[in-house]
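The values are calculated or read from the model by the stated rules, or taken from the named source; none is laboratory data. Predicted model only: the values in this text are computed from it and were never measured. Neighbour counts run over all protein chains shown; Cβ positions are idealised from the backbone, glycine included.
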Amino acid sequence: MLTILALASVILLGIVPQQSEAIVIYTGWERHALVGSDIRLSCSFFSWRWTSDDVTFSWSYRPDGARDAISVFHYTGGAPYVDNKGPFRDRLEFVGNPGRRDGSILLKNLDYGDNGTFTCDAKNPPDIVGRASSVRLLVFEKVPIQAGVITGSIIGAVLGLLLLIVVIYYLMRFLVARRVFNLSVSKHGKKGKGKEGSQQRQPWRPPPVTCLPLTS
Amino acid sequence: MLLILLAVLILHLIILVLLFVSTIANAWTVGGTKNTDLWYSCLTTKGGYHCSSASNEDWIQAVQALMVLSVLFCLFSLVFFMCQLFTLVKGGRFFFTAVFQILASLFVMCGAIIYTVMRPDGEEDAAFGFAYILAWVSFPLCLVSGLIYIVLRKRE
């Protein structure tokens, strides 16, 4: 009994620190942008530890078709260092908030040559074991419609229309049955669906009787 | 009477299966090492089977939507057929079922036509695959089935 307890506690102690030592980084998967526009590439992380003062963010860029990546941004010791020699000089700006675990950057005035993969790597000492996350940037002249948007909207529209027709049908049936919806009968006796309608009833008057003297 | 009912039901199920297979199978256009369909375009090279999502173009999304809708409507008409079989008055006709079935056939027709017209040309030895043929086959079957439902009367 005691040995089982000891074994269990050892296993738990072995698992928990391992879990708390992995940092998980989130960026987008793909970003589409128009030529000449600005884009914000977001990067945030999840870590079991408190955000330390030595948190670092670093972005690197690998152009499409190239094999190597170059580093374009680094945040460390509380100060951001942007690219001042590479392809993004004067076009990169740090818009993140490291205190809130946000290490996003802003790229200005995009060009076709900016197509490529951006990788964000964040470290939160002592939480340093983690996998960097990449986001792919695609620069278009005209942003195409995302896959599945038209599909989804056509299917949604048709099913929505169907639902609407069914709802209206049952609503009409319900209202007519409840006699709320009264297709009123006019005085000329035109046939309608309502029950009594709003017929005006004249008070019954006996037919006029003319007194004729009895001729004998 | 029971025989007719069974035959109609089996026809409906066959149509449903055809539509399903046609929508899902990856063989609308085949040619050599490449086969494409509504959802993926796959290339079988020496290394293996490389697939990428079908293009983002508008027309292929419309075809996707129409094929999915036709499967859904066929399914709905089957459900309504089952319902109406038990709730319809004697001598009544299966109008509800027929409407959905005919709509399903129209959607398949529209989808197949759009695909035929807008298919990217210029591929050497690119022939139409079996899924495309199934779509065209299921269109008249579906239409005939819908018309049968209009004519069919419920007898006790």
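In this structure, does A:LEU138 turn out to be more than 23 Å from A:THR51 (Cβ to Cβ), within 14 Å of another protein chain (Cβ to nearest Cβ), surrounded by fewer than 18 Cβ atoms within 10 Å (Cβ to Cβ) and touching a residue at least 60 places away in the same chain (Cβ under 8 Å)?
Spelling it out, A:LEU138 is indeed more than 23 Å from A:THR51 (Cβ to Cβ), within 14 Å of another protein chain (Cβ to nearest Cβ), surrounded by fewer than 18 Cβ atoms within 10 Å (Cβ to Cβ) and touching a residue at least 60 places away in the same chain (Cβ under 8 Å).
From B:ALA65, B:ALA127, grab the single residue that is crowded, with 16+ Cβ neighbours inside 10 Å and either aliphatic (A, V, I, L, M) or closer than 16 Å to B:LEU11 by Cβ (or both).
Just a single option satisfies the conditions, and that option is B:ALA65.
Scan segment A:91-124 for residues that are of a type outside the set (Asp, Glu) and assigned to a helix (DSSP H, G or I) and jot them down.
Correct list: A:PRO98, A:GLY99, A:ARG100, A:TYR112, A:GLY113.
Select from segment B:1-16 the residues that are at pLDDT 80 or above and either within 17 Å of B:ALA112 (Cα to Cα) or assigned to a loop (DSSP other than H, G, I, E, B) (or both) and list them in ascending order.
Passing the criteria: B:ILE15, B:LEU16.
Report yes if some residue within segment B:77-92 is crowded, with 18+ Cβ neighbours inside 10 Å, assigned to a helix (DSSP H, G or I) and facing another protein chain (nearest Cβ under 9 Å); otherwise report no.
No, that holds for no residue.
Scan segment B:60-72 residue by residue and report those that are at the interface with another protein chain (Cβ under 9 Å from one of its Cβ atoms) and not aliphatic (A, V, I, L, M).
B:GLN61, B:GLN64
For A:ILE105, which of the numbered conditions (1) at pLDDT 90 or above; (2) surrounded by fewer than 20 Cβ atoms within 10 Å (Cβ to Cβ) fails to hold?
(2)
Is it the case that B:LEU9 is free of Cβ contacts under 8 Å to residues at least 60 places away in the same chain and not polar (S, T, N, Q)?
Working: free of Cβ contacts under 8 Å to residues at least 60 places away in the same chain: no; not polar (S, T, N, Q): yes.
Considered against the rule, which asks whether it is free of Cβ contacts under 8 Å to residues at least 60 places away in the same chain and not polar (S, T, N, Q), B:LEU9 comes out as no.
Quick one: count up the residues across segment B:51-71 that are part of a helix (DSSP H, G or I) and either more than 22 Å from B:THR116 (Cα to Cα) or of a type in the set (Gly, Ala, Ser) (or both).
Number satisfying all stated conditions: 3.
Yes or no: B:ASN35 within 18 Å of A:GLY148 (Cα to Cα), of a type outside the set (A, V, I, L, M) and more than 14 Å from chain A (Cβ to nearest Cβ)?
The answer is no for B:ASN35.
For segment A:54-90, which positions are in a loop (DSSP other than H, G, I, E, B), in contact with a helix residue (DSSP H, G or I) (Cβ under 9 Å, 6 or more places away or on another chain) and more than 14 Å from A:ILE25 (Cα to Cα)? Step through it out loud before you land on a result.
Initially, segment A:54-90 is screened for residues in a loop (DSSP other than H, G, I, E, B), giving A:54-55, A:64-69, A:77-78, A:83-90.
Now drop any that are not in contact with a helix residue (DSSP H, G or I) (Cβ under 9 Å, 6 or more places away or on another chain), which leaves A:55, A:78, A:87-88.
Result: A:GLY78, A:PRO87, A:PHE88.
Identify, from the list B:VAL30, B:VAL21, the residue that is within 22 Å of B:GLN61 (Cβ to Cβ), touching a residue at least 12 places away in the same chain (Cβ under 8 Å) and part of a strand (DSSP E or B). Give the steps one after another, and end with the answer.
Values: B:VAL21 fails: part of a strand (DSSP E or B).
Exactly one of B:VAL30, B:VAL21 is within 22 Å of B:GLN61 (Cβ to Cβ), touching a residue at least 12 places away in the same chain (Cβ under 8 Å) and part of a strand (DSSP E or B), namely B:VAL30.
One residue is enough: does segment B:134-152 have a residue meeting the conditions crowded, with 17+ Cβ neighbours inside 10 Å, farther than 30 Å from B:GLY31 by Cβ and of a type in the set (Val, Ile, Thr)?
yes
Of everything in segment B:93-107, what is modelled with pLDDT of 90 or more and within 13 Å of another protein chain (Cβ to nearest Cβ)? Give them in sequence order. Explain how you work it out, then say what you get.
Step one: list which residues in segment B:93-107 are modelled with pLDDT of 90 or more, which gives B:97-107.
Correct list: B:VAL99, B:PHE100, B:LEU103, B:ALA104, B:LEU106, B:PHE107.
Could you list, in sequence order, all residues of segment A:58-69 that are out of contact with any Lys or Arg (no Cβ under 8 Å at 6 or more places or on another chain) and not hydroxyl-bearing (Ser, Thr, Tyr)?
A:TRP59, A:ARG62, A:PRO63, A:ASP64, A:GLY65, A:ALA66, A:ARG67 - these are the residues of segment A:58-69 that are out of contact with any Lys or Arg (no Cβ under 8 Å at 6 or more places or on another chain) and not hydroxyl-bearing (Ser, Thr, Tyr).
Could you grab the pairs with beta carbons closer than 6 Å, sequence gap of 6+ or different chains, first residue in segment A:25-40 and touching a residue at least 60 places away in the same chain (Cβ under 8 Å), second one acidic (Asp, Glu)?
A:VAL35/A:GLU141
Quick one: which of A:ARG31, A:ARG62 is surrounded by 13 or more Cβ atoms within 10 Å (Cβ to Cβ), at pLDDT 90 or above and among the basic types (Lys, Arg)?
A:ARG62
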